[in-house]
Amino acid sequence: MRLLTHNMLSSNIKGVTNGFPLLIEVEKVIEKPVDFNPDFLKNMFVKVDWKALVDASRSLGYAELPEETPESSVIDSDDFLRKFHHALLELHLEEGALVCPETERKFPVSKGIPNMLLHEDEV
Amino acid sequence: MWYLCMFFHRLLDYRKAEVESLAELFGYVGDGLEWKLPQHHHPDSPFHFVNLPSEELARTIANRSILIKGIYEVWGEGGSYEELEEAIKNYPDDRKLPYLTADSTFRIIVDSFGKVMSFQEQNDRIKGLAYIPFKGRVNLKSPEHKFWLMQTDDYGVSNGLPPVAQRTIFFGREVGAADRKLLPTYQLKSRNYLGPTAMDAEMAFLMANQALVKPGKLVYDPFVGTGSILVAAAHFGAMTMGADIDIRVVRDGRGPDCNVWSNFKQYGLPAPVALLRADNNLPPWRPSLKEVFDAIICDPPYGVRAGGRKSGGRKLLKGTVDPYTVPDDKRTDHIPSTGAYCLSECVHDLLDVAGKMLVMGGRLVYFYPVLREDDSRENHFPEHPCFRLVSSSEQILSSRYSRVLLTMVKIGLYTEEIAEAARIKHLEFRENHLKWLEDGNLHSSVFASTDTQLPATGDAKFSKEPRRKYRGKYV
Ligand SMILES: C[S@@+](CC[C@H](N)C(=O)[O-])C[C@H]1O[C@@H](n2cnc3c(N)ncnc32)[C@H](O)[C@@H]1O
């Protein structure tokens, strides 16, 4: 699971009002190189929740992203785009879990695939 | 300028929709393209004239398309070879001479419909064109210019092509042609990981074309299965994402080298950006996330028995008992039960997710099954205030069922009020479609694999007919 995916997901258990961002429990992180696509990154830059991305990348052991939400002009900086690219697309949570911030319910991630299906009593 | 479009004789109802979509993909703006039929031709004819603003656009469309055999600048047409000669002679020299110069290479190809032409006959026909001042050298392998002599004979409906009242002969210069090599490369037979409802390559590419897929776009399939639709989208350069409720399908496949990921690797395509297990009835997207997908393309699970599932089965099925509670010590490995997911609810959820998650102008492309007896079905396609229907293309699967590929474009912002209005519309829609719920056969007839779908319906009348013969929307 890439951090782009993490940035899009939330806990949708019935009754949970603040299911985002999910905390990350790390068992295994891997890195996979992905083709660099500036247009796609610029598109995504305006969609991502910055703080969630920074925190998530730190839980995966990557601390290069600036804490503060960057000005929109940074997307013209190649250095910034490369780091953003790496955090968003190249870091993978291969094994672990996503944890609901409100209920602590764990959504397992195995073989890189988050299991977001709810139990009968959660819908 | 008017160009002649020759289609492969397949998926007749999908042909113009594909051209219109590709025109838009490559920058054409306007209210649809202008079309006209050659004189005396039936609408199912492989020949159609289309008005396009430039040759460049015609070429790009043809190159990307799946159903166009070729697009031509017609130099002449006629009901006889005499008429043809006169027409070609009258065609302006400034349109002809630049393609006939001494330093160019060319080739003439003869193609006939409704009649097989011997080699000798073809050569004679080519020699008969001596009145055109070809100055260039013949090059059969890679000519700069390809000229086509295309002939349709007068025949009835019986011989496997649509009825043509009168013979027509066209002569034209090829402007562009489709790359059908794509299809053998991607055919399901060669696919590593296959499921019973994998989308065949031709249809998957058509769906990607309807969705205006191009490099850098983000495409989502909420019913991803083995990923065959996303494979086509990735081929055209999109970033892809898929979800499925079935964890065995989306995660495990048939082992480490035979799963959704390996289906991309096999063709050297970039892996999906994300695969996840999720229920489209309860999508797990964060509430603040909107307008992130450029296209949503899918083949939803329809039908009751063999169809879709959604979370919370027990609770749904036995509405009167207390909701089932999962014991704490069993939670981690618990496999949630699921309930039936009916057609109208499935479509409602799809439109809701698409309304919210598609960018403005983004397209939703999906299959929708219809009963053929239902004459008034034009008005029965699902609607949503955020969407406009772009095209509907029918493929008849049996004497009773068709599937229709619907292409919709997002034209309105998604708001809570709109979501509510859509929910009310959905309830009305469901009223009218309750009959689908009773029809358990629907899924198997709609989603049987392509080669077996006709016989699978048990309809002897159709199963005896070999595939590929002219049967209107059956082809
Ligand atoms: C017709 S198949 C699509 C197959 C896919 N196009 C392929 O190429 O393999 C429908 C898929 O939807 C999945 N499905 C059924 N109900 C679902 C739901 N509620 N949410 C998400 N996926 C669901 C099924 O597991 C199945 O894989």
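The values are calculated or read from the model by the stated rules, or taken from the named source; none is laboratory data. The structure presented is a predicted model; accordingly, all values stated were derived computationally and were not measured. Neighbour counts run over all protein chains shown; Cβ positions are idealised from the backbone, glycine included.
Which of (1) of a type outside the set (D, E, K, R); (2) more than 9 Å from every other protein chain (Cβ to nearest Cβ); (3) in contact (Cβ under 8 Å) with a residue 40 or more places away in the chain does B:PHE264 not meet, given it meets every other one?
B:PHE264 satisfies every listed condition except (3).
Take residues that are farther than 15 Å from B:LEU4 by Cα and tell me which of the strands (runs of 3 or more DSSP E) falling wholly in the range B:25-139 contain 1 or more.
Working: elements: B:34-36, B:47-51, B:68-78, B:105-113.
By residue number, B:105-113.
Scan the range B:268-279 for residues that are more than 7 Å from chain A (Cβ to nearest Cβ) and either among the hydrophobic types (A, V, I, L, M, F, W, C) or surrounded by fewer than 24 Cβ atoms within 10 Å (Cβ to Cβ) (or both) and jot them down. Explain how you work it out, then say what you get.
Here is the first cut: in the range B:268-279, the ones more than 7 Å from chain A (Cβ to nearest Cβ) are B:268-269, B:271-272.
Once the filter is applied, which keeps residues that are more than 7 Å from chain A (Cβ to nearest Cβ) and either among the hydrophobic types (A, V, I, L, M, F, W, C) or surrounded by fewer than 24 Cβ atoms within 10 Å (Cβ to Cβ) (or both), the range B:268-279 yields B:GLY268, B:LEU269, B:ALA271.
May I ask you to verify whether B:GLU20 is of a type in the set (D, E, K, R) and within 25 Å of B:THR168 (Cα to Cα)?
Considered against the rule, which asks whether it is of a type in the set (D, E, K, R) and within 25 Å of B:THR168 (Cα to Cα), B:GLU20 comes out as no.
Residues that are within 24 Å of B:LEU275 (Cβ to Cβ), in contact with a helix residue (DSSP H, G or I) (Cβ under 8 Å, 6 or more places away or on another chain) and among the acidic types (Asp, Glu): which strands (runs of 3 or more DSSP E) entirely in the range B:161-249 hold 2 or more of them?
So the answer is none; nothing clears 2.
Being modelled with pLDDT of 90 or more, within 16 Å of the ligand (Cβ to nearest atom), crowded, with 16+ Cβ neighbours inside 10 Å and within 21 Å of B:SER228 (Cβ to Cβ) is the requirement here; does B:ARG363 meet it?
Working: modelled with pLDDT of 90 or more: yes; within 16 Å of the ligand (Cβ to nearest atom): no; crowded, with 16+ Cβ neighbours inside 10 Å: yes; within 21 Å of B:SER228 (Cβ to Cβ): yes.
The answer is no for B:ARG363.
Would you mind stating whether B:LEU11 is touching a helix residue (DSSP H, G or I) at 6+ places or on another chain (Cβ under 9 Å) and either modelled with pLDDT of 95 or more or farther than 18 Å from B:ARG167 by Cβ (or both)?
It is true that B:LEU11 is touching a helix residue (DSSP H, G or I) at 6+ places or on another chain (Cβ under 9 Å) and either modelled with pLDDT of 95 or more or farther than 18 Å from B:ARG167 by Cβ (or both).
Return the residue satisfying two criteria in turn: it lies in the range B:221-243 and is within 12 Å of another protein chain (Cβ to nearest Cβ), more than 12 Å from the ligand (Cβ to nearest atom) and touching a residue at least 40 places away in the same chain (Cβ under 8 Å), and of such residues it is surrounded by the most Cβ atoms within 10 Å (Cβ to Cβ).
Out of the qualifying residues, it is B:ALA238.
Please indicate, with yes or no, whether at least one residue in the range B:311-323 is away from chain A (no Cβ under 14 Å), within 12 Å of the ligand (Cβ to nearest atom) and modelled with pLDDT under 95.
No, that holds for no residue.
If you check B:VAL29 against the conditions, is it of a type in the set (Val, Ile, Thr) and either touching a Ser or Thr at 6+ places or on another chain (Cβ under 7 Å) or at pLDDT below 95 (or both)?
The answer is yes for B:VAL29.
Out of B:ALA274, B:ALA201, which single residue is on the phi < 0 side of the Ramachandran plot, within 13 Å of the ligand (Cβ to nearest atom) and in contact (Cβ under 8 Å) with a residue 12 or more places away in the chain?
B:ALA201
From (1) more than 18 Å from the chain's Cα centre (by Cα); (2) closer than 28 Å to A:LYS42 by Cα; (3) surrounded by fewer than 22 Cβ atoms within 10 Å (Cβ to Cβ); (4) not small (Gly, Ala, Ser), pick out the condition that doesn't hold for B:LYS214.
(1)
So if I check each of A:LEU22, A:LEU9, A:LEU4, which one is touching a Cys at 6+ places or on another chain (Cβ under 8 Å) and of a type in the set (A, V, I, L, M, F, W, C)?
Checking each option against the conditions leaves just A:LEU22.
Please specify each residue of the range B:204-220 satisfying the condition of being in contact with a Ser or Thr (Cβ under 6 Å, 6 or more places away or on another chain) and either of a type in the set (S, T, N, Q) or within 12 Å of the ligand (Cβ to nearest atom) (or both).
Across the range B:204-220, the qualifying residues are B:ALA204, B:ASN209, B:GLN210.
Under the condition of being among the charged types (D, E, K, R) and within 13 Å of another protein chain (Cβ to nearest Cβ), which residue from the range B:244-256 is surrounded by the fewest Cβ atoms within 10 Å (Cβ to Cβ)?
Taking the candidates together, the pick is B:ARG248.
Here are some conditions: (1) crowded, with 16+ Cβ neighbours inside 10 Å; (2) modelled with pLDDT under 90; (3) more than 10 Å from chain A (Cβ to nearest Cβ). B:SER337 meets all but one. Which one does it not meet?
(3)
Does the range B:284-291 contain any residue that is modelled with pLDDT of 95 or more, within 14 Å of the ligand (Cβ to nearest atom), within 13 Å of another protein chain (Cβ to nearest Cβ) and touching a strand residue (DSSP E or B) at 6+ places or on another chain (Cβ under 8 Å)?
Yes, because at least one residue in the range B:284-291 is modelled with pLDDT of 95 or more, within 14 Å of the ligand (Cβ to nearest atom), within 13 Å of another protein chain (Cβ to nearest Cβ) and touching a strand residue (DSSP E or B) at 6+ places or on another chain (Cβ under 8 Å).
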